[in-house]
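As structure tokens, the structure follows; a few thoughts come after it.
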Amino acid sequence: MDYRPEVTGRLTELWEGRETGILKDSPEIYNRYRTEAFSEFLRLGIPDRKNEAYKYTNLEKSFGHRYEQYFSPKPGDFREAERFHCEVEDLDVWNMVLLNGFFPRGDEGLAMLPGGIWVGSMKAAARQFPSLVEKHYNKYAQNENDGLVPLNTALATDGLFLYAPKNTVNTKPIQIVNLLHSTQDIFAQDRNLVVVEDGAQMSLLVCDHAISPQHYLTNTVTEVYVGRNARFEIIRVQNQHNDSGKITHTFIHQERDSFASSNNITLHGGLVRNATWHRLNGENAETHSYGLFLADKHQHIANFVKVDHAAPNCNSTQLFKGVLDENASGAFNGRIMVHKDAQKTNAFQSSNSIIMSDTARMDTKPQLEIYADDVKCSHGATVGQLDENALFYLRSRGIDAREAKLMLMFGFAHDVIKNIPIEALRERIDNLVLQRLRGELSRCASCAIQCN
Amino acid sequence: MQTEFLIQIKDLKASIDNKEILKGLNLEVKPGEIHAIMGPNGSGKSTLANVLTGREIATVTAGTVTFEGKNLLEMSPEERAREGIFLSFQYPIEIPGVSMVNFMKTAINEQRKHRGLEPLSASEFLRQMREKKELVEIDSALTNRSVNEGFSGGEKKKNEIFQMAMLEPRLALLDETDSGLDIDALRIVANGVNKIRRPDTSVIVITHYQRLLDYIVPDYVHVLYDGRIVRSGGPELALTLEERGYDWIKKEADVSEETWTTDQK
């Protein structure tokens, strides 16, 4: 039976009560898009497997659950979050803790970090930088393809705002620790905007941790504007639990001579789908999309990437890797679109997965759409087992079979990790991946709260 | 039972995909001896290396292999390595993402654990790495990379000998370690083997060519043909093979085979 009409019904109730309910104080800049977005959501619906981009991903496990609350934060909710300390040593960052995607001091103004980067809630941004928000908000998100994007546009109440004005450089990476914590099963939607103006640089690390065992579903939309000659790096580390669902849609819009990289490291999560959209909108821009996931039990991890080459002389790479064990399933859907005028495009894509059990499953779907005639594009996908020759080579030096397998899996994963631009973090993630591969990483292993 | 042999191979038969490759091979090696096994392509040289190191490509159907009094064929590849068997691969494998340092540290410490020794300290390990790198004249930059990744053919072979130097085996099997090497690389690799060899280290050199044996001088030379050792001799046998090729050996062996088969009938 189709679970979706009931869920849509509950969301419609939420929508109808919005003005006295969740969207009571919402700024007009955001409200102006909501009505159209909600009807777009109703038209598109929650994606099912008839949708090309969700062909291998069944959302029922997450969307079919009956959540007790649509999360809309109150000040008292943030107490747990404020006690949290990230324990990564030598990681020199500006650290901020979010709760279920929301900034704790939502009603306070934006804060300025040394170097001149503004950070705070979307609500505060609408007050302090109305014309900037107006210029960028909802301009890059694509509301017409995937029903979950307009659902977010219609109903997200708040989120994180980051703004690097022209030629500002953050001296340290910004770390966002996003805690999932609640005493009830919740559905949360956060909406984020990142603006990196011409010549500015921003390096962003987002860590998603579930710190209480409730069911969660998060549907996150993040829009990123990268101006001329600007540089933006985002690394997501997702370490949640088997009852949590995480859907992210990240839209990175790049102007000429800019650089962007996205790195999604998924260590744990019941259902995770990361969609990363890169639009190369000006000449000589460069973009990289990386992903690594480790999945077991009944976890499902999907990566969707679209790289839009809309201007000539741009370069893009995609590298996605996964290790799947037990009954896990994974999907990779990578698209390269080269527009008619985007001559001299270089676009590369690679997806490699290792299957450790007879019951794990991986589906990959590379798609190339090329309308220019002078381009270099390639794609390759492999799904396989560990290399027997390499395994024997390690064992022939006295390393036991189990350790040898771990070393090979780690080596496989490191190929993605080595692209992380922050060294202390690279080492940390190497470690986390090793622990995860050894089965030693529980969802609470790196959490100070130790709720259980 | 005290045995004077380090390794004793008796009537060894092995098949790949039900095709018999080794057809009753006998070989005995004492501590400190160097044996060369020569033979034409397809005679079973690499299969012998596979069988001795426990690679599951070949199935042993008969015979025994005793290593220091223990049944070698019952052991896993890693157990054999820990007992002191080392194979220098004909085609060393590239392993992206696994660093040489981590690989060697893990291998050495697993072998030390097997002998009841504590893991090497970081400084002692690095000291040994440095020392052994000089012995085999391997570029320092290479050992900071992933295992064999992007190494040239010569560098890969040097890296095998470097690993041998680090692991100090009782028995080293050099499987065509000379193939594809220019004369300078050959000299470095061969001298490396001589330098790291202790008086009781035994070596089995598997090769097509006599060239390597100018540097690693064997005590015995055996000719492997059609899965059996058909002739054994001293170092001079290698020179004869170099001059006359293998055809005369093949003819002799085929004749005796025929005779043998006829006799059976």
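Quick rundown of the values:
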item	result
Unmet criterion (only one of (1) crowded, with 24+ Cβ neighbours inside 10 Å; (2) in contact (Cβ under 8 Å) with a residue 40 or more places away in the chain) for A:SER261	(1)
Residue tally, condition farther than 21 Å from A:ILE417 by Cα, in contact with a strand residue (DSSP E or B) (Cβ under 6 Å, 6 or more places away or on another chain) and surrounded by fewer than 23 Cβ atoms within 10 Å (Cβ to Cβ), over region A:228-244	1
Strands (runs of 3 or more DSSP E) contained entirely in region B:8-71, each with at least 2 residues that are polar (S, T, N, Q)	B:59-67
Residue, farthest from B:LEU174 (Cα to Cα), within region A:401-417, restricted to residues that are more than 7 Å from chain B (Cβ to nearest Cβ) and out of contact with any helix residue (DSSP H, G or I) (no Cβ under 7 Å at 6 or more places or on another chain)	A:VAL416
Residues that are in contact with a strand residue (DSSP E or B) (Cβ under 6 Å, 6 or more places away or on another chain), more than 10 Å from every other protein chain (Cβ to nearest Cβ) and in contact (Cβ under 8 Å) with a residue 60 or more places away in the chain, drawn from region B:61-87	B:THR66, B:PHE67, B:LEU72
Region B:189-239, residues that are part of a strand (DSSP E or B), open to solvent by less than 20 Å² (accessible area, probe 1.4 Å) and among the aliphatic types (A, V, I, L, M)	B:VAL203, B:ILE204, B:VAL205, B:ILE206, B:VAL221, B:VAL223, B:LEU224
Evaluation of A:GLU283 against (1) touching a helix residue (DSSP H, G or I) at 6+ places or on another chain (Cβ under 9 Å); (2) open to solvent by 10 Å² or more (accessible area, probe 1.4 Å) (one fails), failing number	(1)
Whichever residue in region A:379-400 is facing chain B (nearest Cβ under 7 Å) and either outside any helix (DSSP H, G or I) or in contact with a Lys or Arg (Cβ under 7 Å, 6 or more places away or on another chain) (or both) and, among such residues, is farthest from A:GLN349 (Cα to Cα)	A:GLY398
Tally of residues being within 18 Å of A:THR222 (Cα to Cα) and open to solvent by 50 Å² or more (accessible area, probe 1.4 Å) across region A:12-31	1
Residue in region B:158-180 that is aromatic (Phe, Trp, Tyr) and outside any loop (DSSP other than H, G, I, E, B) present	yes
Residue in region B:155-180 that is nearest to the chain's Cα centre (by Cα), counting only those that are open to solvent by 10 Å² or more (accessible area, probe 1.4 Å) and at pLDDT below 90	B:SER179
Test: residue in region A:354-361 that is within 14 Å of chain B (Cβ to nearest Cβ) and either under 24 Å from A:LEU267 (Cβ atoms) or under 21 Å from the mean Cα position of the chain (by Cα) (or both)	yes
Selected residue (only one of A:LEU432, A:LEU425, A:LEU437 is touching a strand residue (DSSP E or B) at 6+ places or on another chain (Cβ under 9 Å), open to solvent by 20 Å² or more (accessible area, probe 1.4 Å) and either more than 7 Å from chain B (Cβ to nearest Cβ) or of a type in the set (D, E, K, R) (or both))	A:LEU437
Residue within region A:147-165 that is free of Cβ contacts under 8 Å to residues at least 24 places away in the same chain and either in contact with a strand residue (DSSP E or B) (Cβ under 7 Å, 6 or more places away or on another chain) or more than 23 Å from A:LEU23 (Cβ to Cβ) (or both) present	no
Filter pass, A:MET96 being loosely packed, with under 15 Cβ neighbours inside 10 Å and either in a loop (DSSP other than H, G, I, E, B) or modelled with pLDDT under 95 (or both)	no
Entirely in region B:91-149, the helices (runs of 4 or more DSSP H) that have 2 or more residues that are within 12 Å of another protein chain (Cβ to nearest Cβ) and open to solvent by 50 Å² or more (accessible area, probe 1.4 Å)	B:100-114
Test result for B:VAL29, at negative phi, modelled with pLDDT of 95 or more and touching a His at 6+ places or on another chain (Cβ under 7 Å)	yes
Residue match in region B:33-56 (condition: more than 8 Å from chain A (Cβ to nearest Cβ), in contact with a His (Cβ under 9 Å, 6 or more places away or on another chain) and open to solvent by 20 Å² or more (accessible area, probe 1.4 Å))	yes
Of all residues in region B:240-261 being open to solvent by 70 Å² or more (accessible area, probe 1.4 Å) and among the basic types (Lys, Arg), the one that is modelled with the highest pLDDT	B:ARG244
Test set (1) open to solvent by 10 Å² or more (accessible area, probe 1.4 Å); (2) out of contact with any Ser or Thr (no Cβ under 7 Å at 6 or more places or on another chain) - A:ALA342 fails condition number	(1)
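The values are calculated or read from the model by the stated rules, or taken from the named source; none is laboratory data. Please read these numbers as outputs of a predicted model, since none were measured by experiment. For neighbour counting, all protein chains shown are included, and Cβ atoms are generated from backbone atoms with ideal geometry for every residue, glycine included. Side chains are part of the model used for accessible areas, which takes the heavy atoms of the whole protein and leaves out ligands, DNA and RNA. Shrake-Rupley method; radii C 1.70, N 1.55, O 1.52, S 1.80 Å.
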